[in-house]
Amino acid sequence: MLRFSAVFSAIFIFTQTISAQAQTVSITQDLPQVSFSINGQNFTVARIQDTENQLTGDFTKTSRACPPFCIQPMTVAPGVDTVGELEVLDFLQTRVSSGTGLLIDSRVPDFYNNGAIPGAVNVPFNALESDNPYRDDIMRALGATDSGDGLDFSNVYDLMLYCNGPWCGQSKRAIDGLLDAGYPADRLFYYRGGMQNWLLLGLTTVTPANGG
Amino acid sequence: MIRIVLAFFATAVVVCAAIVFAPAGNNDDPAQTDVTRTQSQTVTSPTLAPAIAGQNTSDGVAVSAASRILAATGGAVQPEPAIKTDDSSISDTTAGVLAALGLATGAPAPTPTSTTGDDKMMDMTAGALAGIRAITGQPAPQQAESNSLQSLVAKALQEGQNDAYIDALLNEAAQAGDVSVPAMLVTSDGRVDTSTLLASIVQQATTMTTGQAPAAPTTPLGAADGVEVRVVQRAGETEQYKFYTVAAGDSLGSIAVKFYGSVEFFPRIFEANRQILSSPDRIQAGQRLVIP
């Protein structure tokens, strides 16, 4: 009996070592990486495997001036759910892949082009604010239809918005703009961690300006 | 016989109306001195006279003269142009054609709604829309429409069709309302100015390959070309004004090429003639345009 359990534990340790060599840093215990396909384009999100890796550059700063870079609340608007990284990945795998949702990078194009979450589409927050006379064109592209003297939002995409991080107010401004335009709150989600937390966890990013 | 008499009577009434109303229209401009006002009176009558003398069938002349009088006096009635126009810039159109032919211009890809490059909101919206459409796979309805002129031209050029064929093709599509045409490419007889469009494509392709900007024509244009130079004195200054009488088949784009060497200068001519041109495609044979 003792021998049996020794053999079992040896096998167990052995397999653990094998799998650990294949993937030192998984997303969750059962989830080494996430793959999804959007409109024919394939994406894979994993984490940086170097356990000594550290962030460098802009996203290591602790003390950006506030205002404007102020700490955001957990809930930015009533009815808009706040999510974390696993919900972002699930959203990409299910709703974005199936064409019912969009992950929106609400930053200005320069930031988006320098590094974004795979599968995200750039809709800058100021394009969604009320002073953009062409905002309704964006609403129509998001699935709103003309009805009478206004827009009908019953068939719009679910939107998940992020920006630079918990100290970035651009997602909130984008969400406020969407709500102001008539977008239903229950179709909106807020990834508060943003690029800051995404990078801190060593998750894959893409640089859309360089074609990938 | 009685018809000819009636026609003469009608034209006489129109000429009288022109003489009575046209100076009143110009009086609205306080900047003009007496000298220039006399000038504009002499400008008005020759504009009408050749048009009437040139065509004895009275109806067309009466309509166009009347509409010009209405335009001069602030009247609103204008004949609707047969061709659907847009205010897309010709550089977008030519860049689109060249891009379709596989020649990169280095210019940004034409956007469906961009009319003025400096409208940030419009550009940002266009960028966001392009991003959404790329990821959702939605068609871009406006882009498809505004690009169809470009794709028609590009396809015909790829097939090696001659200019006359392309001209017929574009005019047929424009008359049917299938494509919309940059307003400056609508000629005085309501057709698409294909030769100017094609020349502009060639010019842009040349500029791309040689890196040389087109030069303005150096040959001075004379009276035979419908050009007239007048010297106007105002407040101690002597200024020279150039006038051009629009001929059949001219478009604002072709006139810009004639004087400045490139269609890109058409807004300069249009702006200087806002009093008689309500829109760049409302150009009519016999109109006298100031060339700034």
**Q.** Every pair of residues 6+ apart whose Cβ atoms lie under 7 Å, when the first sits in region A:59-75 and is of a type in the set (A, V, I, L, M, F, W, C) while the second is surrounded by 11 or more Cβ atoms within 10 Å (Cβ to Cβ) and part of a helix (DSSP H, G or I)
**A.** A:Phe59/A:Met195; A:Phe59/A:Gln196; A:Phe59/A:Leu199
Q | Positions within region A:155-198 being within 15 Å of the chain's Cα centre (by Cα) and of a type in the set (Val, Ile, Thr), in sequence order | A | A:Ile175
Q.
If the requirement is being within 30 Å of A:Ser97 (Cβ to Cβ), modelled with pLDDT under 85 and part of a loop (DSSP other than H, G, I, E, B), which of these qualifies: B:Pro214, B:Pro139?
A. B:Pro139
**Q.** Criterion violated by A:Ser171 - all others in (1) touching a Leu at 6+ places or on another chain (Cβ under 8 Å); (2) surrounded by fewer than 20 Cβ atoms within 10 Å (Cβ to Cβ); (3) hydroxyl-bearing (Ser, Thr, Tyr); (4) touching a residue at least 40 places away in the same chain (Cβ under 8 Å) satisfied
**A.** (2)
**Q.** Pairs with Cβ under 8 Å, 6+ apart, first in region B:245-267 and at positive phi, second surrounded by 22 or more Cβ atoms within 10 Å (Cβ to Cβ)
**A.** B:Gly249/B:Thr187; B:Gly249/B:Ser188; B:Gly249/B:Asp193
Q) Quick one: is A:Leu89 under 28 Å from A:Lys172 (Cα atoms) and either in a loop (DSSP other than H, G, I, E, B) or of a type in the set (Lys, Arg) (or both)? A) no
Q: Take A:Val96 and decide whether it is within 14 Å of chain B (Cβ to nearest Cβ) and at pLDDT 95 or above.
A: yes
Q: Keeping to region A:59-73, report how many residues are of a type in the set (Val, Ile, Thr) and surrounded by 10 or more Cβ atoms within 10 Å (Cβ to Cβ).
A: 2
Q. Of all residues in region A:27-48 being of a type in the set (S, T, N, Q) and within 17 Å of A:Pro118 (Cβ to Cβ), which is nearest to the other protein chains (Cβ to nearest Cβ)?
A. A:Asn39
Q: Output yes when any residue across region B:124-131 is surrounded by fewer than 20 Cβ atoms within 10 Å (Cβ to Cβ) and either part of a loop (DSSP other than H, G, I, E, B) or at pLDDT 75 or above (or both), and no when none is.
A: yes
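Can you tell me which residue among A:Val88, A:Val80 is away from every other protein chain (no Cβ under 12 Å), within 16 Å of the chain's Cα centre (by Cα), more than 24 Å from A:Gly202 (Cβ to Cβ) and of a type in the set (A, V, I, L, M)?
Answer to the check: A:Val80.
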(Q) Looking only at region B:220-259, filter to residues that are assigned to a strand (DSSP E or B) and among the charged types (D, E, K, R); which one of those is nearest to the chain's Cα centre (by Cα)? (A) B:Lys242
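Going through region A:163-193 one residue at a time, which ones are hydroxyl-bearing (Ser, Thr, Tyr) and farther than 16 Å from A:Ala127 by Cβ?
A:Tyr190, A:Tyr191
Assess whether B:Gly177 counts as being more than 14 Å from chain A (Cβ to nearest Cβ), in a loop (DSSP other than H, G, I, E, B) and at pLDDT 75 or above.
Judged against the criteria, B:Gly177 is a match.
The values are calculated or read from the model by the stated rules, or taken from the named source; none is laboratory data. The model shown is predicted, which means the values in this text are computed figures rather than measured ones. Cβ: placed from backbone, ideal geometry, glycine included. Neighbour counts: every protein chain shown.
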